[in-house]
1. Residues with beta-carbon under 12 Å from that of Ala169, excluding Ala169: net charge, scoring Lys, Arg +1 and Asp, Glu -1?
2. Tell me, what is the Rg over Rh of the range 163-297, with Rh the Kirkwood radius over Cα pairs?
3. Just from its helices, what would the mean residue ellipticity at 222 nm be for the chain, if runs of 4 or more DSSP H residues each count -39500 (n - 2.57) and the sum is divided by every residue, rounded to the nearest 500 deg cm²/dmol?
4. Just tell me which aspartates and glutamates come within less than 15 Å, Cα to Cα, of Lys190; anything on the same chain fewer than 8 places away is out.
5. Please report the relative contact order for the range 20-232, taking Cα pairs under 8 Å with a sequence separation of at least 6, and give it as a percent rounded to a whole number.
6. How many angstrom lie between the Cα centre of the range 144-216 and the Cα centre of the range 354-389?
7. When the chain is modelled as a GNM with alpha-carbon springs shorter than 10 Å, which of Arg118, Arg334, Arg138 fluctuates the most?
8. I need to check one value: relative contact order of the chain, counting alpha carbon pairs closer than 8 Å and at least 6 residues apart, in percent.
Amino acid sequence: MDVHVTRSTVEGMAQAPPSKSYTHRAILAAGYADGATVRDPLVSADTQATMAAVEAYGGSVERGENRLEVAGFDGRPDVPADIVDCANSGTTMRLVTATAALADGITVLTGDSSLRSRPQGPLLDGIEQLDGRAESTRGNGQAPLVVKGPVDGGPVSIPGDVSSQYITALLMAGAITDEGVEIDLETELKSAPYVDITIEVLEAFGVEAVSTADGFEVPGRQTYEPEGGEYAVPGDFSSMSYLLAAGALAAPGGLTVTSAHPSAQGDSAIVEVLERMGADIEWDRDAGEITVRQSDLTGVEVSVADTPDLLPTIAVLGAIAEGDTRIVDCEHVRYKETDRVSAMAEELGAMGANLTEQQDTLTIHGSDTDLSGAIVDGRADHRIVMSLVIAGLVADGETTVGGAEHVDVSFPDFFDVLESIGADVRRE
């Protein structure tokens, strides 16, 4: 699907979708439990892959109005009757690969062509250290994967600078093992707030996991059981970033984004980034509302070591800001659904932006940039699509973004929400 965007002003109120990160973890935690209700979940392509995985391991998921009723496998996953297809969801694959290590038999996991190009080697090695079998069928650390359990737990040494999802996967599965899991980080942890999210969800499900001097630890023989049998998913700051950027770039009368309650999400840093760039922005934390108005922005330096999903949004803001915006510590952002560093450099470049791309840095020269409408490729990546659409709101002429259907991964109602606040977007 293509979406056509022309210069627009926006105003009013928009609700952020529920958090994809929290939804993934809550669905799997409910699967590890005897069962639970997940309220206000994000139902998207990615989270449906996690639902399907829970069912493959012997659970069931029924969708109700603003809730999921999960009958879990109570910490004892079945050996799936078929290959576990994680579609395009890297979070699903990593989290449920560790689940496979608990099953008494062999599990095969795969995904689409994009997912089959993403690194899984450190997680496979971690499972091997726990005396499980974990292999890439092609011997390159990428899916398809073959995992055999059950593992009993123990110590694991793993790098922290490839993906925090490896740590999340081992913590969630480790609580079920007899011995628990002790994780020793070999390198500095990137995307650390995502592990904070994991620990927060585990706590809500009655599971203890703690950080240590060298990494993380989760005791074994624990039971997943949320208080009252329910867990409520908070709003998603990664998705919220596009709405806040739209407000800062194209809302002279102001745009208020709701469902913005504080949580462990690292991507709430988008508020600070906008403040540093000079945006007129106010966050009522008690009400969970952020109001932002169109502002003259100035370039800043931003590290995305802990917030990789914000790079596309910040790149668009930098293209409109005065001066240079330097996005640093971004090499790991190259290993997402696509190489998001190169994708944003090339597609914003096609719209007239002046950028300098280095392995670990993306610099956007806003003073030398005049955005014009162009035909750009969303790279089958929801975050690239949404960020380019926001750029189209302030570009001269019409911008056509290809592959727009991929917003279903994290923000299925994205275009409906934009239309409701006045954006000129047309889908075909």
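Each value in this text was obtained by applying a stated rule to the coordinates, not by laboratory testing. As the structure is a computational prediction, the values presented were derived from the model and not from experiment. Don't worry about glycine lacking a Cβ; one is built from the backbone with ideal geometry, like all the others, and counts go over all protein chains shown.
1. Values: positive: Arg25, Arg94; negative: none.
So the surrounding residues net to +2.
2. Using only Cα positions, Rg/Rh for the range 163-297 is 1.09.
3. Details: 12 runs with 130 residues, N = 428.
Counting only the DSSP helices, I get -9000 deg cm²/dmol.
4. In chain and number order, the partners are Asp161, Asp214, Asp267, Asp306, Asp309, Asp329, Glu331, Asp360.
5. Values: 516 pairs, mean separation 41.9, N = 213.
Over the range 20-232, the number comes to 20 percent.
6. For the range 144-216 versus the range 354-389, the Cα centre distance is 34 Å.
7. Top of the fluctuation ranking is Arg138.
8. Numbers: 1114 pairs, mean separation 81.4, N = 428.
So the answer I get is 19 percent.
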